[in-house]
Amino acid sequence: MSVLLEAKNVSKLFGGLKAVSNFNMTINKGELVGLIGPNGAGKTTAFNLFTGVYQPTTGTISLDGKSLLGMKPSQITQRGIARTFQNIRLFSELSVLDNVKIAYHTHLNYNLLEAAFRVGRYMQQERQVEETGKELLKIFKLDDKVNEIAKNLPYGAQRRLEIARALATRPKLLLLDEPAAGMNPQETKELMEMIRWIKKEFALSILLIEHDMSLVMGICERIYVLEYGSIIAQGVPDEIKKDPEVIRAYLGEEA
Amino acid sequence: MNSLRKRDLKAIVISLIVFAIIQGLISSEFLDPFWQLNIIVICINIIMSVSLNLINGYTGQFSLGHAGFMAIGAYTGAVLSVNFHMPFIIGLIVAFAVAAIIGCLIGLPTMRLRGDYLAIATLGLGEIIRIVIMNVNYVGGAAGFMGIPKTTNFAWAFFVMLFVVFFIKNYVNSSYGRACVAIRENEIAAEAMGVNTTKYKVLAFTIGAGFAGVAGCLFAHTFYIIHPSSFTFLASFNYLIMIVMGGMGSITGSIAGAFILTTISALLSNWPELRMSIYALLLIGLMFYRPQGLFGNIELTSLPIFRHFKGGK
Amino acid sequence: MAIMLKMDDVNVFYGAIHAIKGINLEVDQGEIVTLIGANGAGKSTTLRTISGLLKPKTGTITFEDKIISGQPAHKIVEFGISQVPEGRRIFANMTVMENLELGAYVRTDKNGIKEDLKRVFKHFPRLAERKKQEAGTLSGGEQQMLAMGRALMSSPRLLLLDEPSMGLAPLLIKEIFEIIKDINKAGTTILLVEQNANMALSIANRAYVLETGKITLSGSAKELSNSEDVRKAYLGG
Amino acid sequence: GCGGQKSASDANTIKIGANFELTGNAANYGSAALDGLRLAVKEVNDAGGINGKTVELEEVDCKSEASEAANATTKLVTDKVSAIVGPATTGDVLASSPIVTDSKVPLIAPAATSPKVTVDDSGKVNPFIFRSCFIDPQQGDVMATFATKTLKVKTAAIYVDSSTDYSKSLGKVFKEKFEAAGGQVVDEEAFVQKDQDFKTTLTKIKAANPDVIFIPAYYEEVGKIVKQARELGITAPLLGTDGWDDNKVVDIAGADSLNNTFYSTHYSDQDKDVQNFIKLFQTANDGKSPNVFAALGYDAGKMLIEAIKQANSSDPQKIRDALENLKDIQVGTGTISMDKNHNPIKSAVIIEMKDGSKVMREKIAPES
Amino acid sequence: MGIMDQFLQQLINGISLGSIYALIALGYTMVYGIIKLINFAHGDIYMVGAYIGFFCITVMNWPVLPALLVSMLLTGILGMLIERFAYRPLRSAPRISVLITAIGVSFFLEYTMMYFVTPQPRTFPSILDDAAYHIGPFVINNQQIMIFAITIILMAILTYIVQYTKVGKAMRAVSFDNETAQLMGINSNRIISVTFGIGSALAAAAGVLVGIYYNSIDPLMGIMPGLKAFVAAVLGGIGILPGAAAGGIILGIIEALVSGFISSTFRDAAAFAILILVLLFKPTGLLGKNTNEKV
Ligand SMILES: Nc1ncnc2c1ncn2[C@@H]1O[C@H](COP(=O)(O)OP(=O)(O)OP(=O)(O)O)[C@@H](O)[C@H]1O
Ligand SMILES: Nc1ncnc2c1ncn2[C@@H]1O[C@H](COP(=O)(O)OP(=O)(O)OP(=O)(O)O)[C@@H](O)[C@H]1O
Ligand SMILES: CC(C)C[C@H](N)C(=O)O
Ligand SMILES: [Mg+2]
Ligand SMILES: [Mg+2]
């Protein structure tokens, strides 16, 4: 197995607060990894560091062996990391299809004048985006809603759309931040199936943050546990479940 | 897809018909000079509002300095005609370029600001532009620039407007426009989709500023005279009102907003003392009646009646 | 037991969207009643309507024999209903103490307020430690505690809780549910909305199931947790 | 409004446009000049009109703004007036001038004193623009001479309104003449219309310690500047020009502050040449006394009426020709003739303010 | 006068000008803080305050203090009425429409006032004896002292109200989250109304003081100071009371120094330039907290 993402000794300070400290993580190609830990442990911050929203105070992060330091989020997306957000961030006034179309942004290369006068590469590329976009939505059972405004979708559909949109950027690594938040146990079960299927279908690696243990223990191949910005444990689900440190800090007794 | 171009073609034919009718009314002197002038002003205001809408409505960047760029275009155009005797078309092009370049230079640092902070910064920049002009004696300073030839006629105003509207319409319906709208909807998510938000914000600001410059050049050649006081932040408010009234994020809305407000203003000139009070009440009333603007963010042309016009979906 | 809250054929709209379609619901004095349902079923809408943040288009809500529907939100607090809103919504730029004081905004009985403050600190000792801290810097679980403490400061007879476990780590969820039970034992009636239906049913007396704005099932918490339909739809098994 | 083709001068009337600052910063000048013009028109109509035709005034407000002045003038020429009187101030006249030139309608500016009004930068006389007052080089000169000869000062500061051509050009003339007479300009400052606070700049001027301060400006700002200057403890004489000649200055600055100030203007009401006009005006206006700008408006009206009489036509072009050749006609402020630059030859006076009232210090006949 | 003396004299000039900006800015910031509205009509409320004061002093022949208080009271009520009838109906509308409404209200106040009092400036009578105190080479007059003192007093009262009283806490709560404030039992409409009242009364105080200081008022007098006050509020960090006061004074001083040492025609440009520079380095103003949206 080859390494896709590697974070070495990463720390992030907010003022005096060490949100992430000495963080080390590797994700291999094709892996599905979980990241758990108490509230405020620094999980989302880790995502933000991977995607260029924040720059690490110290340490290095690399994708496919190439450093991501100093890159803007948009550049990192072009390199192949896509994400969803803890609090859904759709383009809420736009149609479902437009949400996905925007994600193809980096794969379009007609220039400003071609766009303004609708000549050259414009027509052909626009047609292609429209078609691929619709196909993708079909996979996520959103094809009957292509023209609906995103904010009018039910919550679950919004979560699906956010994942579809992330996939449209054609990532190598997909980061999911609490995809099951606000879902009931049944909905969570369905989501679990979907994540498995995506990983296979799109042949990518996934890193996910989640507080719902049924999901995390159910699908993750490996799990990292964060507390106060530091990794306190890592391993396969069965090890993690039994780890006394994890039970003390996060799971609680009789987990 | 060819239907896209067909639609454009149809729209152009319709525009030509509109042009022919109005030009006929002017030539036959059915419209008196007052209204002839106002029709030109409407075209200029449409350019202003549509270009501002690209910045405010589509890209979601709250700019209150649009009149400043108009001033740049106006003074550039005026200097070229009066002091360098350049043909009008050169004036328009250079006005675009100068306003766009300054827009870009201003946009680069300020587009980092958000919301109301951006609004006040752009307002301030608009005022700075105006105050600098006020201190340049070469263009008449605070006393104004006089003796500009009256070159702008209805044909110039109309066709330049048509060009600008089509340019911006096609722009927003491309991946460029989608990037802008994505920024408006959620900047962080837009970045996560690979949209270089700074680039597209500055680009929208630059293009918007450039076309405001074009409008300014037309404006300068309409009234014989330009004056820094025509380009205060109150003028910028006026264009803002037009796009809000029409509906942010709707080009047809901006056109309607510019048309309606300019016409109302002109009609009210019959009651000079009460004109502004009535105007103010109308404004407030319209906001109560339709807070999201007349068209919201929907294009008039996407309403059902217009569908078959466009050749269907 | 006396009926404390009663919703009678209540309909709520967001513009044209018919979010709540003729709900009938009762909460008795001293109970924990839970409202479960899928995303967007209308659970929060129901609570917001009771609190007066939304006005029902038709139907009435009665609280302790007074009709409260149509009253503004700040009046309803005075009647004795307090809500812990979805997502906590603490006043992040104020201190913990100031948040708690705002909770007691409608009250004038200085001694009563002091009593209740003590009570809150007993339930949530961690808040007592952090009186002076700016609320926005609290951890997620602490913020949830503050939101509940703040609601208790108005000394409500009915407490509405909207997804108190959302986004919390498993350990904290357990803690919060323990506290809810304590509060109820101390005499406050509770209407609880939860996605975490297993937990909710485990502490509730009775439950209602809400589906796209309608109540489709109701009964004792035990009955519902054993119901095949409920388990399939909401409990993940 | 729509279809505004109002009847042009027809068989029985001659229509004259009156375009004045009725609101805005220079409203007092405009309204005064219009009062004077109305008086002239009333007189001729009472006397049976011009060759049987009544003179009709179409009055428009240029709001003391250049662009509005252009709009208002456009409206007048659209309504086919035979000639236009006004606006009062230089800037507004300059804004109107290309329009009347394009449509070949003569315009008489009653009070616009900048030379640019009638003669452009290249020295070409604008065929359609005339005036009924003296010009700025004259009053700039008068004040510079007064400063050096009468007040015997060595240094001056100049504080101009950079938003008016009037003020800017006067500042220039004064500087030239003052330096030519051996004086030294120690500080030059500018403000713009509608400024409220002048103290900061006045502090700077005070630091330069000039013997006099020359402030060619309009009444609103003059009043505030004088007041704030005195508040700052500036005791030096303040010099001004015809823009000072409005009672508003006294209202704002207060009589005390105005002591030790001097300005040039068109006449003094103690002057015997104008007594006749003053009486006429008082009778027509319930005893209200005119100011200089009413007189200039009256003069403009008189000149225009005389030109129409001589042209015996309501044709703008013919009226223009007649205006160009006016000679020795009797107007409110004396007898005047039009020179080749479309300027009448008039004398200037210097007024000193003493406890709120005007005292004539000098009357300077034009050098010709 | 040496350069240092000149500098100090300009500082005095700047502080008195800045105190006026500060007074107007306080109201701006309060209103912004509570409903996130850039109340462009605020400058015109200040104008109305000046006219009411003018009326009291010239027509009713009242002394300054009662005129000031009555003007504050009536203008405060006007502010509440405007909020009630123009802004409250749009509480759930997009912010930009409320902004346009505010511009509408601004035009309405300006031109309706103009219709009744004519556009011509009115001259305030000199009522305070403008005794000037010469301290060495500097001059301070009564009015400058009075403006500064009134500003400081009002500012202190206001800070006390907002920080320590129940109403003040309610204001902060409504400002942070209107809906949740209602869940605390706060009648947010009433609180918003009170905020408008106080803000408008402060503007009225500034209006009367300016009338006395510059002794000239006109219906459009509010436009520029209104804008400057807004700039001052943003400079200090909008929504923050001490920020508004500091912003106002700083702005006044900058303007004075620029006109004193560079050129008064660049005064406004310099004010805006400083604002923009500050924002580029501190996007939420001098005293503002950096509240970057948490991702
Ligand atoms: N932009 C920021 N500025 C200051 N502090 C921050 C910022 N972002 C995060 N933090 C702090 O860093 C810490 C880690 O936050 P983070 O959001 O990563 O937690 P988390 O593990 O995702 O928690 P949760 O499970 O509740 O989502 C917290 O204390 C948080 O308050
Ligand atoms: N402000 C609003 N405007 C329009 N529709 C809304 C609004 N708020 C909620 N809705 C709609 O009303 C319905 C009920 O929403 P509600 O928030 O009550 O659901 P919920 O059961 O609390 O769901 P969740 O588990 O996600 O909190 C949903 O379809 C939602 O989309
Ligand atoms: C009315 C006058 C004061 C006008 C002044 N003489 C000018 O030329 O502008
Ligand atoms: Mg998180
Ligand atoms: Mg909910």
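The values are calculated or read from the model by the stated rules, or taken from the named source; none is laboratory data. Since the model is a prediction, treat every value here as computed from it, not as a measurement. Positions of Cβ are generated from backbone atoms using ideal geometry, with glycine treated the same way; all protein chains shown enter the neighbour counts. Calculation scope for accessible area: heavy atoms of the full protein, side chains included, ligands and nucleic acids excluded. Shrake-Rupley method; radii C 1.70, N 1.55, O 1.52, S 1.80 Å.
Before moving on, here are some points about what is shown:
- The alpha-carbon atoms of chain E, seen along their principal axes, cover 61, 48, 34 angstrom, with the largest extent given first.
- Per residue, the accessible area of the protein assembly as shown comes to 37 Å² when a 1.4 Å probe rolls over the protein heavy atoms.
- Scanning chain E for trypsin sites (Lys or Arg not before Pro) in DSSP loops with at most 14 neighbouring Cβ atoms within 10 Å leaves E:92-288 as the longest stretch between them.
- Legend: Rg and Dmax of the protein assembly as shown, from Cα coordinates, 37.0, 117 Å.
- Cα centroid separation - segment B:125-148 against segment C:128-197, whole Å: 63 Å
- List of segment E:1-27 residues, accessible area with partners at least 30 Å² below that of the chain alone (1.4 Å probe): E:1, E:6, E:10, E:13
- GNM on chain C, alpha-carbon springs under 10 angstrom: the most fluctuating residue among C:50, C:68, C:17 is C:17.
- Spacing of the two label points (7 Å from each Cα toward its C-beta) at residue D:279 and residue C:114, in nm: 9.4 nm
- Taken residue by residue and averaged, Cβ atoms of other chains lying within 10 Å of the Cβ of B:119-126 number 6.
- Shielding by partners for peptide A:105-115, expressed as the average number of C-beta atoms from other protein chains within 10 Å of each residue's C-beta, is 4.
- Dipole orientation for segment E:115-239: of the candidates E:149, E:213, E:165, E:165 has the Cα lying most toward the positive pole (charges on Cβ; Lys, Arg +1; Asp, Glu -1).
- Across chain A, the volume of the C-alpha convex hull divided among the residues equals 141 Å³ per residue.
- More than 32 angstrom apart: percent of Cα pairs within chain C: 17 percent
- Estimated purely from DSSP H runs of n ≥ 4, each contributing -39500 (n - 2.57), the mean residue ellipticity at 222 nm for chain B is -23500 deg cm²/dmol once divided by its residues.
- Top of B:273, B:299, B:127 by mean-square fluctuation, Gaussian network on chain B, Cα under 10 Å: B:273
- Rounded percent of accessible protein surface that carbon and sulfur make up, chain D, 1.4 Å probe: 48 percent
- Projecting the Cα atoms of C:4, C:200, B:210 onto the dipole axis of the protein assembly as shown, where Lys and Arg carry +1 and Asp and Glu carry -1 at the beta carbon, places C:200 farthest toward the positive end.
- When the trypsin sites (Lys or Arg not before Pro) in segment D:215-305 are filtered for DSSP coil states and for at most 16 other beta-carbon atoms within 10 Å of their beta-carbon, the remaining sites are D:288.
- 1.4 Å probe, heavy atoms, protein only - residues of segment E:267-281 losing at least 30 Å² accessible area vs chain alone: E:267, E:269, E:272, E:276, E:279, E:280
- Hydrodynamic radius of segment B:164-313 per Kirkwood, over alpha carbon pairs, in Å: 17.6 Å
- Counting only protein heavy atoms and a probe of 1.4 Å, the accessible surface of segment B:169-224 is 55% carbon and sulfur.
- Net charge of neighbours whose Cβ lies under 10 Å from the Cβ of residue E:193, counting Lys and Arg as +1 and Asp and Glu as -1: +2
- Computed over segment C:89-155, the P(r) tail beyond 13 angstrom holds 55 percent of alpha carbon pairs.
- Highest GNM mean-square fluctuation among B:269, B:51, B:254, for chain B modelled with Cα contacts below 10 Å: B:269.
- With only the Cα atoms considered, segment D:53-95 has a convex hull volume of 65 Å³ per residue.
- Over 28 Å apart at the Cα level, from the set D:75/D:302; D:124/D:224; D:104/D:340; A:242/C:131; A:138/C:57; A:199/B:169, are D:124/D:224; A:242/C:131; A:138/C:57; A:199/B:169.
- Rounded to the nearest 5, the antiparallel percentage of DSSP beta bridges internal to the protein assembly as shown is 50%.
- Segment D:221-368, dipole about Cα centre (Lys/Arg Cβ +1, Asp/Glu Cβ -1), debye to the nearest 20: 120 debye
- Peptide A:154-163 shows a mean partner chain C-beta count of 2 within 10 Å per residue C-beta.
- Assigned charges on the beta-carbon of Lys, Arg, Asp, Glu; segment E:1-136 dipole about Cα centre (debye): 680 debye
- 18 Å tail of the calculated P(r), segment B:58-168, as % of Cα pairs: 57 percent
- Separation of the residue D:255 and residue D:312 label points, Cα + 7 Å toward Cβ, nm: 5.6 nm
- The trypsin sites (Lys or Arg not before Pro) found in segment D:326-363 that occupy coil by DSSP, while having at most 12 further C-beta atoms within 10 Å, are D:327, D:340.
- Considering only segment A:107-255, percent of DSSP beta bridges that pair antiparallel, nearest 5: 50 percent
- Whole-percent pair-distance distribution, where bins are 5 Å wide, for the alpha carbons of segment B:8-108: 2, 11, 14, 17, 17, 18, 14, 6, 1, 0
- Buried surface for the B/E pair, taken as the accessible area of each chain alone minus that of the pair with a 1.4 Å probe, is close to 3600 Å² in total.
- If both residues of a DSSP beta bridge must be in chain D, then about 35% of such bridges are antiparallel.
- Accessible carbon and sulfur surface of segment E:1-98 relative to its total accessible area, %, 1.4 Å: 76 percent
- Longest exposed-site-free window of chain C, the sites being trypsin sites (Lys or Arg not before Pro) in a DSSP loop that have at most 14 other C-beta atoms within 10 Å: C:133-237
- Point-charge dipole on Cβ atoms (K/R +1, D/E -1) for chain A, about Cα centre, debye to 20: 800 debye
- Equivalent ellipsoid semi-axes - Cα gyration tensor, chain D, angstrom: 36, 20, 19
- Under the simplified labelling scheme, the residue A:123-residue E:116 pair shows an inter-label distance of 6.5 nm, with each label point 7 Å from Cα along Cα→Cβ.
- Total buried accessible area between A and B, probe 1.4 Å, nearest 100: 3100 Å².
- A Cα-only calculation for segment E:126-246 places Rg and Dmax at 17.7, 60 Å.
- At a threshold of 50 Å², the residues of segment B:178-193 that become less accessible to a 1.4 Å probe in the full protein assembly than in their chain on its own are B:178, B:185, B:186, B:188, B:191, B:192, B:193.
- Chain pair D, B: total accessible area buried, heavy atoms, 1.4 Å probe, Å²: 1500 Å²
- Options A:19, A:40, A:75, ranked by Cα towards positive dipole end of segment A:1-121, top entry (Cβ charges): A:19
- Normalised by 2.2 N^0.38 Å, where N counts its residues, the alpha-carbon radius of gyration of segment B:2-312 equals 0.97.
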